[in-house]
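The values are calculated or read from the model by the stated rules, or taken from the named source; none is laboratory data. What you see is a predicted model; the values in this text were computed from it and never measured. Note that each Cβ is placed from the backbone with ideal geometry, even for glycine, and that neighbours are counted across all protein chains shown.
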Amino acid sequence: MTPESPNPNVTEIWQRQPVEGIKMSVEEIRKRSAKFEKRIMWRNVREYVAGTIAAGLFASFLVKSHDLFFQLACSLIIAGLAYMAYQLHRRTSPRSIPAELGAANSLQFHRAELERQMDFLKHIWRWYLGPLIPGLVAFSLATMTGDHHHVLRIVLVNSFFAVCLILVWRLNAYEVRCLKRRIDELHAVETGS
Amino acid sequence: MPTEGSDQDRIYRQAAQIYGAALERLARAYEADAEARRDLLQEIHIGLWRSFEGFDQRCSLRTWIYRVAHNVSTSHVLRQRRARLQNMVGLEELENLPDARVNDTDQRHSLKRLVALVQQLKPLDRQVILSYLEGLDAASIAEITGLSAGNVATKIHRIKNILAKRFHAGEQK
């Protein structure tokens, strides 16, 4: 057999491999499909509960404090969290399996998935981390002005968070570049088609 | 929600009956872990059933089924860790690797090696090689993947080269 000739034995090995013969009835599929939707709903609920707890915590600071600057900082964080929750719901609600799954060929589907991921990462600062920054900065400044004895400690903690944010930003930028490269590869294949 | 015995249900039953084994083989090529593979297979079946709600016969049932199965599986691969994605190679790279001919007389071992080979490929190349192994012709593969007929032909040529290089010795028995 030359490398150019077909290789029927390999296809035979592939097609004759033992399979478990897993079968799913339509009723079972319906049940699992409903369960899947329920799981999505609960995942969303968990996100909102976490956001509500954090907002509640800052709301309690806001109510207890008599410092106007501190109250403003808490309000900014609460507003940032609310905006973030709204955007999370709008952009990242786990999608249920689309019914048009068979209408798109693999190339179109693959590229669309990568573009969705890239769009999510590319704009994450605008809607996810960005809205929280004004509140966090104001909160740090308010804490420092209210606690003159621990300024160095507060500066160190804030610097640590700033470094973390920069790292997240760099990682995201790297991820976006990788995704862009893969999208371009697929696009080249598509346009060459 | 469709009623019992709707078109959606009927087409799904027909699809599962005819292509059930092929879908299992496909899931095996996308997921090495047995537990995760069962989940993937279930996801493919759910995806199929749901997709038949919008099946308008613009393409053949077979093309539709393979598109859904590959699209669900590709999403599964994309959800995996980046590190694993980075380790994937294309047919071109695989073809240029040194000759890995093994005197392999055990079919089970050959199958293991074949699965391992398929699992290291990038999604699009994996779809082409799987379709080839399932016995689909170039036109059908082009319809499923969206590649041009010429591109599919080139890839199939590479696949044949790779398979001949790697499995030739084992098939002399």
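When you scan the stretch B:135-145, how many residues do you find that are under 20 Å from B:Leu23 (Cβ atoms) and either at pLDDT below 90 or surrounded by 18 or more Cβ atoms within 10 Å (Cβ to Cβ) (or both)?
Of the residues in the stretch B:135-145, 6 are under 20 Å from B:Leu23 (Cβ atoms) and either at pLDDT below 90 or surrounded by 18 or more Cβ atoms within 10 Å (Cβ to Cβ) (or both).
Let me confirm something: among A:Phe139, A:Phe161, which residue is within 27 Å of A:Ala55 (Cβ to Cβ) and modelled with pLDDT under 85?
A:Phe161
Which one of A:Phe109, A:Phe139 is under 22 Å from B:Ser73 (Cβ atoms) and crowded, with 18+ Cβ neighbours inside 10 Å?
Sole residue among the options that is under 22 Å from B:Ser73 (Cβ atoms) and crowded, with 18+ Cβ neighbours inside 10 Å: A:Phe109.
Just a yes or no: is a residue in the stretch A:123-132 touching a residue at least 24 places away in the same chain (Cβ under 8 Å) and small (Gly, Ala, Ser)?
no
May I ask you to list pairs of residues, at least six apart or on different chains, whose Cβ atoms are under 7 Å apart, with the first in the stretch A:10-35 being closer than 20 Å to B:Leu111 by Cα and the second being small (Gly, Ala, Ser) and at pLDDT below 85?
A:Ile13/B:Ser110
When the residues of the stretch B:1-30 are filtered to those that are touching a Lys or Arg at 6+ places or on another chain (Cβ under 9 Å) and touching a residue at least 60 places away in the same chain (Cβ under 8 Å), which remaining residue is farthest from A:Arg16 (Cα to Cα)?
Result: B:Tyr30.
Residue by residue, here is whether (1) free of Cβ contacts under 8 Å to residues at least 40 places away in the same chain; (2) assigned to a helix (DSSP H, G or I); (3) among the acidic types (Asp, Glu); (4) more than 30 Å from A:Asp119 (Cβ to Cβ) holds:
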{"position": "A:His149", "(1), (2), (3), (4)": "yes, yes, no, yes"}
{"position": "A:Arg153", "(1), (2), (3), (4)": "yes, yes, no, yes"}
{"position": "A:Ser159", "(1), (2), (3), (4)": "yes, yes, no, yes"}
{"position": "A:Val163", "(1), (2), (3), (4)": "yes, yes, no, no"}
{"position": "A:Val168", "(1), (2), (3), (4)": "yes, yes, no, no"}
{"position": "A:Leu171", "(1), (2), (3), (4)": "yes, yes, no, no"}
{"position": "A:Val176", "(1), (2), (3), (4)": "no, yes, no, no"}
{"position": "A:Arg181", "(1), (2), (3), (4)": "yes, yes, no, no"}
{"position": "A:His187", "(1), (2), (3), (4)": "no, yes, no, no"}
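Of the conditions (1) at pLDDT below 80; (2) more than 10 Å from chain A (Cβ to nearest Cβ); (3) surrounded by fewer than 18 Cβ atoms within 10 Å (Cβ to Cβ), B:Arg79 satisfies every one except a single condition; which number is it?
Among (1) at pLDDT below 80; (2) more than 10 Å from chain A (Cβ to nearest Cβ); (3) surrounded by fewer than 18 Cβ atoms within 10 Å (Cβ to Cβ), the lone unmet condition for B:Arg79 is (2).
Per-residue answers, yes or no, for (1) closer than 22 Å to B:Ala34 by Cα; (2) more than 14 Å from every other protein chain (Cβ to nearest Cβ); (3) part of a loop (DSSP other than H, G, I, E, B); (4) touching a helix residue (DSSP H, G or I) at 6+ places or on another chain (Cβ under 8 Å):
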site	(1), (2), (3), (4)
A:Gln17	yes, no, yes, yes
A:Glu28	yes, no, no, no
A:Ala34	no, no, no, no
A:Gly80	no, yes, no, yes
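I want to confirm something. Restricting to the stretch B:47-71 and keeping residues that are surrounded by fewer than 24 Cβ atoms within 10 Å (Cβ to Cβ) and of a type in the set (Ser, Thr, Tyr), which single residue is farthest from the other protein chains (Cβ to nearest Cβ)?
B:Ser60
Please verify whether A:Ile22 is surrounded by 14 or more Cβ atoms within 10 Å (Cβ to Cβ) and within 14 Å of chain B (Cβ to nearest Cβ), treating the condition exactly as stated.
yes
Can you pull out every residue in the stretch B:124-142 that is closer than 20 Å to B:Cys59 by Cβ, facing chain A (nearest Cβ under 7 Å) and assigned to a helix (DSSP H, G or I)?
Within the stretch B:124-142, B:Leu124, B:Gln127 qualify.
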